[in-house]
Each structure stands twice: as C-alpha cells, then as structure tokens.
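This report concerns only the one structure given below.
The values are calculated or read from the model by the stated rules, or taken from the named source; none is laboratory data. It should be emphasised that the depicted structure is a prediction, and the values quoted were computed from it without experimental measurement. Cβ atoms come from the backbone with ideal geometry, glycine included; neighbour counts cover every protein chain shown. Calculation scope for accessible area: heavy atoms of the full protein, side chains included, ligands and nucleic acids excluded. Shrake-Rupley method; radii C 1.70, N 1.55, O 1.52, S 1.80 Å.
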Amino acid sequence: MKKLLFFIAFLLALFIFPKSSFAATIAVNTTSDELLINGNCSLREAIQSANTNIAFDNCISGNAFPTIDVISIPVGTYTISPLLIGASDDNSSGDFDIFDSVSISGVDALSTVINGNDIDRVFDVHIPDYDGGVVSFSKIAVTNGKSLAYNPNTFVGTVVNLVEDGGGGIRCGRGATHYTYTPNLVHDIDLVCNFSDMEIADNETDGLGAGVLCGGRNDQGAFNLNGHTGGVSCNFDKVTIVGNIHSPSATAANKVGGGGVACVNDTTFHTDSTCEFTNTTISGNGNTTTPVGGGILCINSTIDIAYSSIYSNTASEAGGIGVQKQYSSFANDYINCPISVIGSLIENNATTFPNCQAGINTTSGGYNIESNSNCNLLSATDLSNTPVQLDTLDYHSPAKIRTHIPSPSSPAIDGGPLAICTKMDGSTISIDTRGISRPLDSDGDSQIRCDVGAFEIENVDLALSGSDDPDPVTLGNSLNYNLTISNPTNLVAYDVVFSHDLVISHFASPPVIVPSSGYCNYNAPSISCYFTSIPAGGNITIAITSTTIQSGLINASFFVDSTTSDDANTTNNTLNLTSSIQIGSSGSPVNCPSGTSPLFPTSTPALTPGQNLAFGGNISNINWSGSWRTSLIDGIPMTENGNHIEITFPTPGVYIHSVLIYDNDPKSGESPWSIN
C-alpha cells in the first residue's frame, strides 16, 4: 500500500510542477525565402516557429514568452523573395514580422547578410512596448530594406503615416496589432531591442529612421492611457550604421527624417523611449533631402551616446543629430529630447547646423571632440572647432563591420580619460567597436588613456628581419629570401601588410611565395601579403624563391606595416638585402698578382664615361659599338660584350698589369680562366 501511495504522489508531483522552459535554438539551413512544407528551415520559417511556438516545416518549435528563443543563421545572403511581395503583418510576405522575444544571430556581418531586396523593410518587431519583450540582433548585416508610403509592393491606400512607413532596415516597437493583452496585469516594462556586432547599411524610408526606427505608436494605445505605460529601449553596441537614406516623397505630409536612426516617443502613447549608442559608428547616412537628423533624429526621447563616432551624415538641417517635438509639423522641443554625450566624435556632418541642431539639449560627460561648436558640448575636457581626422570607412580586424580609424595625428588618439572608459552612468566600457580592450597606450607615451570615439588603436612594434640564400648565387639557380615579421609587444597586431618589388630584370617571373599564414599576391613587379593578425610575441615567416636570369648585384627592399594598429617605431619596418648573382664556372680563377687589384667596380653593372675606377682611374671614352658592362664571375668583376674603352690614370706609374680572361665555352679539358 505504501508503494502505491508513493507512486500516486509522484505522479501528482509531475502534473503539479511543470517542467522548466528552456530557450529553443532554431537553426536556419537554407538561404531561400519561403514559408512552405518542403523539409528545410528558412529564416522566415524559423521566425514563424518562434512567433507561434509551433514547429513549422523542418524548424523546431519556439518556447513561449518570457523565454528568449535563438535563431541561428549560417553564412549566406538571405534575400526577401519577390514571390512573397505583400502588405501582410503576419510574417507570410514582405518583411520578417516578429511577435515574440527572440535572439537572431549570424556568423558575422560580412558573411551573414539579410537583404530586403528593395521590396520592404527587413525586420518589423510587433511586440507591444509595455510587456518587457526582448529582441536581439547580432553578427548580421541588414541591408537594402525599403519602407515607403506608396511602395506598390507593400502598401495599398491613401493614408500616410510616418511611423507605419518608418524603419527602412528595422522597425522596433510597431505595436500590438496581433497581440492579445490581459487588462488585469500591470504592463509597464519596456520593449527592448538590442543590436550588436552588426552593420545596418543602405536602407531607405520616406518616414522615420531609414536604418532603424526605435519607438513608434502602439495599436493598443487606449490600454496605455489607462495607466499602463511602457516604452521602447534600443541599445546599439559595436554597430555600424552607414549609407541609409531618408528620401521623403511628395505625398508625405510630415517629412521629419532620421537618416541613420530615429528614436521616437509618441507623446499620446509612450512615455520613456530611449536609444543608447556605445562603440557605434554612424556614418554617411541621410542626404540633402533629409529634413532633420541625417545621423540621429530624436522625438521626445532620451538619447545616450558613449564612445561613438558620428561622421559625415547629411540633412537639410542638423546633419549629425536632429530634434523634433513630434512626427508631425510641430515646432522643435529640445527639452523633451535630453541627449548625453561622452568620449565621442562628431565631425563633418552637413548642411545647416552641420553637427547638431541649434539649441539642442545636450549634457556632456567630457572628452568629446567636435569639428564645430553647435552641439553645446561644454565640459572642460571637450574640444570644439577641432578637426577629428578620421580615415575612410573600412574593415579593420578583428571586427567584421566597417569603422573609421583615427589618422596618426588625430586628437582622438589617447584623447580620453586615464585608466578607465565609462558611460554617463559610470558603467565601464572595456572594449571598443572591434572587441579590442580599452583603454590602451595608443600613442606610446606610457600613459593608458581611452581613445575618443568608437575605435581604440593598439600601439605595437612590428619588426622585419631576414636573409638571402645562397649569396652569392650562380646565375640560373634560385635565390631565396627568408623573411620574418615579428611582433614583440604584448598586444595583437591587426591587419598587417607586407610589400616588396621584385627586381624583374634579374629574376624570372613569377616567384614562388610561401607565407606561414595569411595570403600573398604577385602583380609584377610587386609582391604584397596580408595577415589578419600577428599574436602578441608572435611572428610570421615569408619565403620568396626566384630563378636568376641576369648576373650582377641586386639591392632588394622589403617593408611591413599595419593598416589598423599604430607602430610608433618604424625604424625596423624596412629590410634591405644585397645579393650577388654570378656567372658560374668549371674552373678556378687565377689570383691577381701582388700589388694589383681589379680595375672595375663590383657595384655598377653598366660602365659609362666619367666613371671612376680603381687607383683613381677614370673612363675617358667608350666605343658604343659594343655594350660595356660588368658581371661577377666567381666573385671577380669582369667586363663583357665590350669593344673599345679608354681609361686615364692621373697618377704616374699606374698601368694595366694583366688581363684576366674567362671563356664561357672552353675546349674540352681546358680551364675557362687564363691571364695575359
């Protein structure tokens, strides 16, 4: 009887206490955009499984909120299909619609690309902004999204709503059209959208936020008015936002803008939308038709910017950071857009009020650099009207997103505080936009300071060493250059480049080039090699082998540098080697008699009038019917192919003692060397 009672109690325990809910990892395995039952798992199908918590096709089921499912996307380009054009908001066509907490992660922003195909925006987050949903995007590129009021692919009707049309790449906080809420619960937790290690590029809208719209309106707004209010928090960390275009159409009644990001708080429905930018690059967004905020547009929201770079964005007004009261044509209201800035670069934004809107409400945490002074950055450690000097946007290892690196003379290098980099709230920033530790001693002055902006430069000391083998080398045989690039510092050296111009007059082409890692290219006469990184204390070797085709002395120069790391000591970046290519022989040369020396120099293959020779001799005349030149044969400088040469000696008693002759084709049994 005890066994039976125990068995029943055990069964009851299983039914009373539900099992824990673990996040599902839904693995995408096709680049096709489809919503079909055909035995694979597309990105759209993975999102559908996460939305509904029901397995779709070959995708496993997601788990219910608050569990955050993971969608894993491998290398590939995932393009919205033109076969799925439509204005649906149920993930069946057009953009990818998200209704439940999820983390969408690729391999990196170079190799996992989500392409809107200029059909629709790319991602649309519909989770309401009062129930604490979390949607994260990482290690992907979001590109070619398009959200236009009268895009025939996605919109039918005459109503123009800038929030509905906003977010060309990603819209976070669209509302709860497909969400059922419980009126008796307290719904006042922000929707959070996280963006990290990713690129948002080349998207377009005529509404708000060509790259990202953070905020917007909530279709359950009446519920919010009953006291249950939330907001949208968008956190950008190690993100590049580039080339996104706000292009208002003639039919859009309110052409507010936001080329890169629009952080929006509809005062009717929202109360606390925020955008936080850390280690973020916002570059080349907007254009002259963008009304306000080429880089960032703030509407009744809070914006925090820390160690970021806002560079070369464009708008009719406020190319860098713009402010507007509403997404309608109300007057500007700077008080309702508090903006904090610390350790950041703001430069080269255009046109009217290039960097920031006049009167903007900014609080400086210090150590900012601005190319003019209209951002009102007034801390004692801020630099205004100071050129930042950034290089062109490019890829810099180890990150797979594009960034601006400060030029060697930029005030951004070690322009921040000593020892620690922080946000405005005092929390520590320990890495830069590439994931490199910060702060470092970037300028080699033995002081560890933060670099200003998104990029922290390593100070390394690349050294190039090597030898030639054999030297001398017999004409027709191979000469080997054995080279080593070392990094003796305690920091990784990134994006290392090696170069050398082969002396193709003396070597057969192409040479054989064998690096121990990385890759090398040959484009006659230039050899170039690239190495993603050299570890701290590590080295890389390069072997170059070439067949000799001409005798003489060869002066070879080799060079190493880094396009990312700073190398303050450049004295060991260049290596020069001199090699001797000699004509071979089958016998031994006759030694010069005592008191004599070779007449011709060993370092000049071509002989010319006026050239100085041994014992003060000077070439006074050459008969040009022949080609006079010198070659080393078994270490002896010899002339060849000559006809007539006159040599003058200024000192009496100097004369030609003997002539050493080398025969290229001696008779059998004879030595090629003789003396007259």
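Working ranking of peptides 443-451, 374-382 by packing, defined as the average number of other Cβ atoms within 10 Å per residue, highest first, is 374-382, 443-451.
Computed with a 1.4 Å probe over protein heavy atoms only, the accessible area of R438 comes to about 10 Å². With all protein chains in place and ligands, DNA and RNA left out, the 1.4 Å accessible area ranks E45, E34 as E34, E45, largest first. Taking the 1.4 Å solvent-accessible surface of the range 415-516 as the whole, the part contributed by carbon and sulfur is 52%. Relative to one another, the C-alpha centroids of the range 361-394 and the range 442-500 are positioned 34 Å apart.
For V654, the solvent-accessible surface computed with a 1.4 Å probe is close to 40 Å², ligands and nucleic acids excluded.
Beta bridges per DSSP, both residues in the range 305-452: antiparallel share near 30 percent.
Quick one: accessible surface of I656, probe radius 1.4 Å, all protein chains present, in square angstrom to the nearest 10. I656 exposes around 90 Å² with every protein chain in place.
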